[in-house]
Amino acid sequence: MDKNAYLKRIGYTGPVEPTIDTLVQLHRAHLFSVPFENLDIFLGRPIELNIRSFYDKVVRKKRGGYCYELNGLFGWLLTAFGFNVTMLSAHVFKNGIFGPEFDHMVLLVEAEKPMIADVGFGDSFITPIGFDGETSLQQGYFYRLEKSGSQWVLQRRDPARSNWTPLYIFSPISRALEDYSGMNVYHQTSGDSNFTRKPFCTKATADGRITLLDNRLIMTSRGEREEMPITGASEYNSMLKKYLGIDLEDTV
């Protein structure tokens with residue numbers, strides 16, 4: 001696997017020393033270049049927990065993926081540049097409760113201080129977040145990490161509201177890639193998984209987000225939202241290539 005090819009994939013030409021500034025720049029470049037998507041599930045292509053498979057899909061075939069793929073591969077890149085990276089298991093907050101163990105993968109990254117990185121959660125923070133309790137305004141939302149016993153909760157707040165909403169909770173316990181295998185199968189096969197309900201592909205932009213959700217193209221910019229209906233597979237594939245950089249004909 002070629003680190004330089006990976007950097008080219010995410011359009012990154014900056015420094016690679018293991019500093020907070022490098023982490024921030026790599027994190028942002030990844031989110032602006034690699035979509036969060038579940039298309040393989042609807043194409044009948046199994047998602048295997050293997051770093052080389054992740055690399056082949058994301059770097060060589062210019063695809064996206066979901067948390068295990070994107071954070072698993074991003075963790076490999078950071079480690080290759082000297083960062084101390086730990087895979088953590090997160091419970092996603094859904095329908096008023098936190099989900100099961102290994103529901104989500106998030107990365108603990110040691111630079112000058114410990115931070116969480118996450119390039120595989122869809123519409124979320126763009127810049128890594130520290131454990132110092134500071135509030136960070138990103139993409140129109142406030143984010144923070146809140147201590148809860150021995151765990152940490154990632155929270156988000158709309159500036160127009162006073163209440164914080166939990167996104168997920170995690171413990172700082174090191175995990176291995178194979179630990180996520182059961183939930184990886186679940187997310188591809190269970191009718192209760194969000195990933196099996198509708199195909200989606202979404203990518204952050206500097207001032208918003210571009211999303212293909214089922215039969216709609218949704219574009220947000222500086223808080224403004226625009227939707228366009230999509231009719232037919234041909235138009236869908238055209239939009240996927242034009243706005244999200246994915247050509248499914250080239251990824252077989």
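Just so it is clear, none of the values below were taken in a lab; they were calculated from the coordinates. It should be emphasised that the depicted structure is a prediction, and the values quoted were computed from it without experimental measurement. Here Cβ is always computed from backbone atoms with ideal geometry, including for glycine, and neighbour counts include all displayed protein chains.
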### Message
Over the chain, what is the relative contact order in percent, taking alpha-carbon pairs closer than 8 angstrom and at least six residues apart?
### Response
18 percent
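Defining a contact as two alpha carbons under 8 Å apart and six or more residues distant in sequence, what relative contact order in percent does the stretch 71-119 show? Walk me through the numbers on the way to the answer.
Details: 74 pairs, mean separation 16.9, N = 49.
RCO, the stretch 71-119: 34 percent.
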### Task
Work out the charge dipole of the chain with +1 on the Cβ of Lys and Arg and -1 on the Cβ of Asp and Glu about the Cα centre, then indicate which of Gly65, Ser238, Pro199 is farthest towards its positive end.
Ser238
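Restricting attention to the stretch 132-238, which GluC sites (Glu not before Pro) occupy a DSSP loop and are surrounded by at most 14 other Cβ atoms within 10 Å? Present the calculation step by step, with values, prior to reporting the outcome.
Details: sites: Glu134, Glu146, Glu178, Glu224, Glu226, Glu227, Glu235; in loops: Glu134.
Counting only loop positions with at most 14 other Cβ atoms within 10 Å, the GluC sites (Glu not before Pro) in the stretch 132-238 are Glu134.
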### Query
Hey, what number do you get for the chain at 222 nm if only DSSP H runs of n ≥ 4 count, each worth -39500 (n - 2.57), divided across all residues, to the nearest 500?
-7500 deg cm²/dmol
### Task
Under 14 Å between C-alpha atoms is the cut-off here; go through the stretch 3-250 and count lysine pairs that meet it, provided they're at least eight residues apart or on different chains.
8
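Tally Lys and Arg at +1 and Asp and Glu at -1 over the other residues with C-beta under 10 Å from the C-beta of Leu154: what net charge comes out?
Working: positive: Arg144, Arg156; negative: Asp118, Glu146.
Here the count lands on 0.
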### Task
Please name which of Ile218, Gly99, His187 has its Cα lying farthest along the dipole of the chain towards the positive end, using unit charges on Cβ (Lys, Arg +1; Asp, Glu -1) and the Cα centre as origin.
Ile218
### Query
For the stretch 3-250, what does the alpha-carbon gyration tensor say about shape, rounded, prolate or oblate, given a ≥ b ≥ c as the root eigenvalues, a/c under 1.5 as rounded, and a/b over b/c as prolate?
rounded
